[in-house]
Every structure is written in C-alpha cells, then in structure tokens.
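Peer 1: Would you mind keeping the following structure in view while I ask a few things?
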Amino acid sequence: MSDSRAVAGSAAAHVVVVGSINMDMVSHSRRLPAPGETLMGEAFVMAPGGKGANQAVAAARLGARVGFVSRVGTRAHGRELLAALAEEGVDARGVQQDETALPGIAVIMVASEGGENSIVYVPGSNAQLLPADVQAAAPLLQAARVVVAQLEVPVPAIRCAFEMARAAGVITILNAAPALAEGAELLPLCDWLVLNETEAAQFAGLAVGGLAEAEAAAQALLARGPRQVLVTLGAQGALLADAAGLQLLPARAVKAVDTVGAGDTFVGGLATGLAEGMSPVEAVRLGQAAAAIAVSRSGVQSAMPRRSELQP
Ligand code: ADP
C-alpha cells in the first residue's frame, strides 16, 4: 500500500532535490570472487547513497534548507534511509513511503588489492516514482528557489517537477547522470545542465576525449535548450558554457583520496549557491570548493563538508 501523504502548505525549502535514494552495501575482500566462488571478506560497510540523496545531503551540509522528493520502499533498509535523511535535516515530506516495496540497493564488492570493484544496482522503489508523487509535493516544489534532478528516477516524474518549477519561476538543474538518452526530452526545461565529461559526450552523441571534445559537447548541448551547460572535468575543473561563451573554471589543487561522489557534492554546492542568489560563476566555485574537500577524504556522504569548513 502506498502512503500518499500530500505536502500541506509548507515553509519554503530553498533547494528541492527530486531523485534516488538507496543503501550501498559494500564488502571488501582481497580480490573479487570468480563466478560461482565464495570468498572470505575482510570488512563490510553499509552507507546511504543514491545521487538524489547524496546531492540533498551535500546541499544541507552547506547550509541550504533542503526538501527531498522521492519514493522509498520501507522494507529492508528503507527506514534507515529515512532516518539518515532526518539526521541531516532534510525535509522528507515530499517522500512517498511504500510499505510493499524494497528501497534501492547497490551491492558493491571492492578488492583491497588493486581497488577494483563490481557493482549490482537494483533500483527498487526509485523506478516507481510517479508524476502523481511529484504532484503531491507541489507546494514544496513551488516554494523552492532551485529544483535539482538526476536520471536515476523515471523521466516523466522529473518532467512533472520541472514543468511545475518553470511555471513558478524556480531555477531547474538537471544532472544528466547516468546519461540516459530519454533524458534529452528534459533539455528545454533546464536552466542548468550539469554532467561529467563522459556523460556530456554520450548525451551529445560525440566523441569522448580532451578539452576540445568537452567544448564541442557543451556547445552542442547548449543549443538544445539549457541556459547554462556545465561539464565537470575531474581534477581539471569545469567548463561553463552559456550565451557569454565558454569558460574553464579550474578545480582547487588537493590530494585526492576518494573521488566517488565528487559530482554529487559539486551539484549540491552549485544548487546551494544559486539558491542563495550567487552568480553562475560564484555558484560553480562554491560547488568546486565543497567537492575539493570531499575528494580529499574517503566515503561519499560522510566526506561531504559543512559550510564552516569552506574558506570564505
Ligand atoms: P563525477 O564525480 O560526476 O565524475 P567529476 O569527477 O568531474 O564528477 O568531479 C566534479 C567536480 O569535483 C570537478 O569539477 C571538481 O571541481 C571536483 N573534483 C573532482 N575531482 C577532483 C580532484 N581530484 N581534485 C580537486 N577537485 C576535484
């Protein structure tokens, strides 16, 4: 039975994230098992993840008031996921709880020798987010300054959120990760399109390569509707394309320890900056400053900095 609680007239959430949430279940063993093999493991860790939840947590740690719109199966680890969001101060009134469904689960095996990994991702309730669930969160979405989505939940639900946001004058950010072709229909509804180099090439249908290829992809994507296209380039920084032209914004030089989740921390920071009224370049710099700290520590959500850790 799904519990469709409508969000009653609520205080404004500056950033609203529409997206996925899942539990990462990570085993560490010396090497990865061969098919059919059972190995003794060295350690096991469970941590909340999903691009939507990660970006919501990143923005909350940076001081934004954050609302989350999602569908969470409350079987197995679903309730722990909801408790973790509450601990971060994320407003979960836009989350539909489904007692009959499993939440998203990522089963991750990491080899301690060499660091290789294998991942099976089962989307669970993330695949069941409906436009009606988004409609139920209309007051939250309409009161936001910025609405952010990724492509780990169905496109019709994101379309519904972006149409509502656009009609209410709310800034929309699409982080096109993973770079699913069906996400292209959202481009005319995006103020910002954010993707990494590989996703930009896939989304634009162009070659993956160096800076020249990233520039070509950014320009091709800009012509398809967004006002700003931002291609993140890992340690190199990010390429911003808009009506004023192309700009390379270098990343801060840090010793990277674990870059998993860099993009999510970056998007959370960008959304926070835009919700605070920063210019595009200032908001990108806030995202970069947060991501630089996150990559210098291990973990994903656990590595995301608080605002007080950023240099003014
Ligand atoms: P994704 O995690 O989506 O692949 P990127 O790796 O491009 O995204 O990283 C997003 C942003 O995080 C970059 O634009 C940059 O600002 C920051 N970042 C990533 N890796 C590093 C690094 N090694 N050093 C400093 N900043 C980094």
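Taken together, the values in this text are just the output of simple stated rules run on the coordinates, not laboratory data. The structure displayed is predicted, hence computed values, not measured ones. Backbone-built Cβ (ideal geometry, glycine too); neighbour counts: all protein chains shown.
Peer 1: Using label points projected 7 Å from each Cα along Cα→Cβ, tell me how many nm separate Glu87 and Ala181, to one decimal.
Peer 2: For the pair Glu87/Ala181, the computed spacing is 4.2 nm.
Peer 1: Another question about this same structure. In square nanometres and to one decimal, what's the mean projected area of the convex hull around the Cα atoms of the range 61-203? Before the final figure, lay out each step's value.
Peer 2: On the way: hull surface 39.8 nm².
For the range 61-203, the mean projected area of the Cα convex hull comes to 10.0 nm².
Peer 1: Provide the gained length on full extension for the span Arg306 to Val107, in nm with one decimal, where the gain is 0.36 nm per separating residue minus the Cα-Cα distance. Write out the running numbers ahead of the final one.
Peer 2: Numbers: separation 199, 0.36 × 199 = 71.64 nm, distance 2.81 nm.
Value of the extension gain: 68.8 nm.
Peer 1: Let me have the relative contact order for the range 196-288, percent, based on Cα pairs under 8 Å that are six or more residues apart.
Peer 2: Numbers: 119 pairs, mean separation 16.2, N = 93.
Relative contact order here is 17 percent.
Peer 1: Pairs of Cα atoms under 8 Å, at least six residues apart: use those to get the relative contact order of the chain, whole percent.
Peer 2: 17
Peer 1: Across every pair of different alpha-carbon atoms, what Kirkwood hydrodynamic radius in Å does the range 39-110 reach?
Peer 2: So the Kirkwood estimate lands at 13.2 Å.
Peer 1: Follow-up question, since we're still on this one. What Kirkwood Rh does the range 107-182 have if only Cα atoms enter the pairwise 1/r average? Answer in Å.
Peer 2: About 14.2 Å, per the Kirkwood formula over Cα pairs.
Peer 1: Which FRET efficiency value, to the nearest 0.05, is calculated for Glu163 and Met278 with the Förster distance at 22 angstrom and r the Cβ-Cβ distance? Walk me through the intermediate numbers first.
Peer 2: Numbers: r = 25 Å, r/R0 = 1.15.
It comes out at approximately 0.30.
Peer 1: Right, next: In a GNM of the chain with a 10 Å cut-off on Cα contacts, which of Gln236, Gln55, Gln135 has the highest mean-square fluctuation?
Peer 2: Gln236
Peer 1: Given the Cα-Cα distance of His28 and Ala216 and 0.36 nm per residue of separation, how much length would full extension add, in nm?
Peer 2: Gain on extension, His28 to Ala216, equals 63.7 nm.
Peer 1: Could you give the semi-axes, largest first, of the ellipsoid that matches the chain, computed as the square roots of 5 times the alpha carbon gyration tensor eigenvalues and rounded to whole Å?
Peer 2: With the √(5λ) rule applied to the chain, the semi-axes are 27, 26, 19 Å.
Peer 1: Let me ask something else about it. For a quick check, take a GNM of the chain with Cα springs below 10 Å and name the residue from Leu248, Leu239, Leu140 with the largest mean-square fluctuation.
Peer 2: Residue with maximal mean-square fluctuation among Leu248, Leu239, Leu140: Leu248.
Peer 1: Cα convex hull of the range 217-312: mean projected area in nm², to one decimal? Numbers along the way, then the final one.
Peer 2: On the way: hull surface 24.9 nm².
Computed as one quarter of the Cα hull surface, the answer is 6.2 nm².
Peer 1: Let me ask something else. Compute the longest continuous run of the chain that contains no exposed GluC sites (Glu not before Pro); treat a site as exposed when its DSSP state is not H, G, I, E or B and it has at most 15 other Cβ atoms within 10 Å.
Peer 2: 117-312
Peer 1: In whole angstrom, how far apart do the alpha carbon centroids of the range 252-288 and the range 48-110 sit?
Peer 2: With the range 252-288 and the range 48-110 each reduced to a Cα centre, they are spaced 20 Å.
Peer 1: Can you pull a Stokes-Einstein diffusion coefficient for the range 127-260 at 10 °C (1.306 mPa s), Rh from Kirkwood over Cα pairs, as a whole number of µm²/s?
Peer 2: Answer, rounded: 103 µm²/s.
Peer 1: For an R0 of 30 angstrom, estimate the FRET efficiency from the Cβ-Cβ distance between Arg75 and Ala207 and round to the nearest 0.05.
Peer 2: Numbers: r = 43 Å, r/R0 = 1.45.
It comes out at approximately 0.10.
Peer 1: Would you pull out the residues with amide H under 5 Å of Asn175's amide H, same chain only if 5 or more places away, H placed 1.01 Å from N?
Peer 2: It is Ala149, Gln150, Val194, by chain and number.
Peer 1: DSSP beta bridges in the range 20-136, what fraction antiparallel, as a percent rounded to 5?
Peer 2: 50
Peer 1: Name the most mobile residue of Asn196, Asn175, Asn117, meaning the one with the largest mean-square fluctuation, in a Gaussian network model of the chain with Cα contacts below 10 Å.
Peer 2: It is Asn117.
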